[in-house]
1. Leaving out ligands and nucleic acids, note down the accessible area per residue over the chain with a 1.4 angstrom probe, in whole Å².
2. Return the FRET efficiency for the residue pair residue 9, residue 65: r is the Cβ-Cβ distance, R0 is 30 Å, and the value is rounded to the nearest 0.05.
3. What does the charge dipole of the chain about its Cα centre add up to, to the nearest 20 debye, if the Cβ of each Lys and Arg holds +1 and the Cβ of each Asp and Glu holds -1?
4. If you roll a 1.4 angstrom probe over the protein chains with everything in place, what fraction of the accessible area of the chain belongs to carbon and sulfur, to the nearest %?
5. Tell me what the chain gives for mean residue ellipticity at 222 nm when only DSSP H runs of n ≥ 4 count, each as -39,500 (n - 2.57), the sum divided by the residue total, rounded to 500 deg cm²/dmol.
6. What percent does the relative contact order of the stretch 26-69 come to when contacts are Cα pairs within less than 8 Å and at least six residues apart?
7. Normalise the Cα radius of gyration of the chain by 2.2 N^0.38 Å (N = residues in it) and let me know the number.
8. Per 0.36 nm of contour for each residue apart, how much would the distance between residue 17 and residue 58 grow if the chain were fully extended, relative to their Cα-Cα spacing?
Amino acid sequence: MKTRNLTARCLEPCNDSPYVLHEVGYQVESPLRDNVWLNRTHTMYATDPIDAINKTKSYLKKEENNEIE
């Protein structure tokens, strides 16, 4: 599964907590049509936007390998 345009943003203000809620937006290639990209989002707790993108990439690899329960 090809992905592109990963972007992350904080969904709650940074406070004393090391983890805050982030949303990562990205696009995946459609399995049904060529040259069509579908928008998706993934939400998780992360330390910063870069951490959120890395966690999303890890999640997508597991999803592609059918390791998600």
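1. Roughly 75 Å² per residue, with all protein chains present.
2. Once rounded, the FRET efficiency stands at 0.65.
3. The calculation lands at about 300 debye.
4. 46 percent
5. -7500 deg cm²/dmol
6. This gives 22 percent for the stretch 26-69.
7. Taking N as the residue count of the chain, the ratio is 1.21.
8. Between residue 17 and residue 58, full extension yields 12.5 nm more.
The values are calculated or read from the model by the stated rules, or taken from the named source; none is laboratory data. Just so it is clear, the structure is predicted and the values come from calculations on it, not from any experiment. Virtual Cβ from ideal backbone geometry, glycine too; neighbours counted across all protein chains shown. To get the accessible areas, we keep the full protein, side chains included, count just its heavy atoms, and leave off ligands, DNA and RNA. Shrake-Rupley method; radii C 1.70, N 1.55, O 1.52, S 1.80 Å.
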